[in-house]
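What follows is a short report on a single structure.
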């Protein structure tokens, strides 16, 4: 059977989003042999990113070897429900000797209550670039896309500035694009900020907007 590679993004049904955030669903079972390319992934459900997770184990089994516990860890009430859903998803009858991959993960960051006390709300520049390119592709200008791709490629604002502009002095331009992308993701409801913490911080720092707060955090870092 041909291997399928899982890259940076894991898609799940919207009904599983809350279960993942609560820690009830800690695995995903996929038909065939699935090989993760990276240890950390972004999980998407219901049309938005919900969390960043670390893959903790990958197991390959046959359908006949699956247990009730396997099904419950994947967010199902029973093995029977899991098998019926696999048939719906893959549009074919599931056989006892079919191979499945159980990918176990641990949520390391939720995108539903981001902390305004952290620079970029706790997101890394690389994650902001990755989410921006995925969800805002058609809204981005050519220069913005070029900057986001550079951040992804070089994994650093400093290195991206040198590679794109030949100097560190243009880091401000990259940071401006990252802020714009972050605010747009929040405006579209794709990312959510802890509103209580945000209100308290804005009042404490004497700022009127999240943008002013993030700019201060950039300078502090």
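Per DSSP H run of at least 4 residues, take -39500 (n - 2.57); add these up for the chain, divide by its residues and hand me the 222 nm value, nearest 500 deg cm²/dmol.
-13000 deg cm²/dmol
Share of antiparallel DSSP beta bridges in the chain, in percent to the nearest 5?
Here the share of antiparallel DSSP bridges comes out near 75 percent.
Just rank 35, 99, fewest to most, by other beta-carbon atoms within 10 angstrom.
In order of increasing Cβ crowding within 10 Å: 35, 99.
Just checking my list (i) 16.1, 48; (ii) 20.4, 71; (iii) 20.2, 64 against Rg and Dmax of the Cα atoms in Å computed from this structure; which label fits?
Correct label, based on the coordinates given: (iii).
Do you know the relative contact order of the stretch 4-110, to the nearest whole percent, from alpha carbon pairs under 8 angstrom that are 6+ apart? It would help to have the intermediate numbers written out before the result.
Working: 202 pairs, mean separation 39.3, N = 107.
Averaging sequence separation for qualifying contacts and normalising by length gives 37 percent for the stretch 4-110.
Taking the number of other C-beta atoms within 10 Å as the exposure measure, put 44, 9 in order starting with the fewest. All intermediate terms of the calculation are to be shown ahead of the outcome.
Values: 44 21, 9 13.
Lowest to highest Cβ neighbour count: 9, 44.
Any idea what angle helix 210-220 forms with the longest principal axis of the chain, computed on alpha-carbon atoms, 0 to 90 degrees, nearest 10?
It is inclined by approximately 80 degrees.
Restricting to the stretch 1-122, what percent of DSSP beta bridges are antiparallel, rounded to 5?
Working: 22 of 29 bridges.
Of those bridges, close to 75 percent are antiparallel.
R0 = 35 Å: FRET efficiency of residue 139 with residue 33, Cβ-based, nearest 0.05?
Working from the Cβ atoms, E equals 0.40.
Fewest to most neighbouring Cβ within 10 Å: what's the order for 112, 24? Could you put the intermediate results ahead of the total?
Working: 112 15, 24 12.
By the 10 Å Cβ count, ascending, the order reads 24, 112.
Shape call for the stretch 1-54 from the C-alpha gyration tensor, a ≥ b ≥ c root eigenvalues: rounded (a/c under 1.5), prolate (a/b greater than b/c) or oblate?
Note, shape of the stretch 1-54 comes out prolate.
Angle between the Cα long axis of helix 142-154 and the longest principal axis of the chain, 0 to 90 degrees, nearest 10?
70
Using per-residue counts of other Cβ atoms within 10 Å, averaged over each peptide, order 141-150, 175-184 from highest down. Don't jump to the answer; show the numbers that get you there.
Values: 141-150: 16.3, 175-184: 19.6.
Peptide ranking by packing, descending: 175-184, 141-150.
No lab work stands behind these numbers, since they all come straight from the coordinates. No experiment lies behind these values; they were computed from the predicted model shown. A quick note on method: Cβ atoms are made from the backbone with ideal geometry, for glycine too, and the neighbour counts reach across all protein chains shown.
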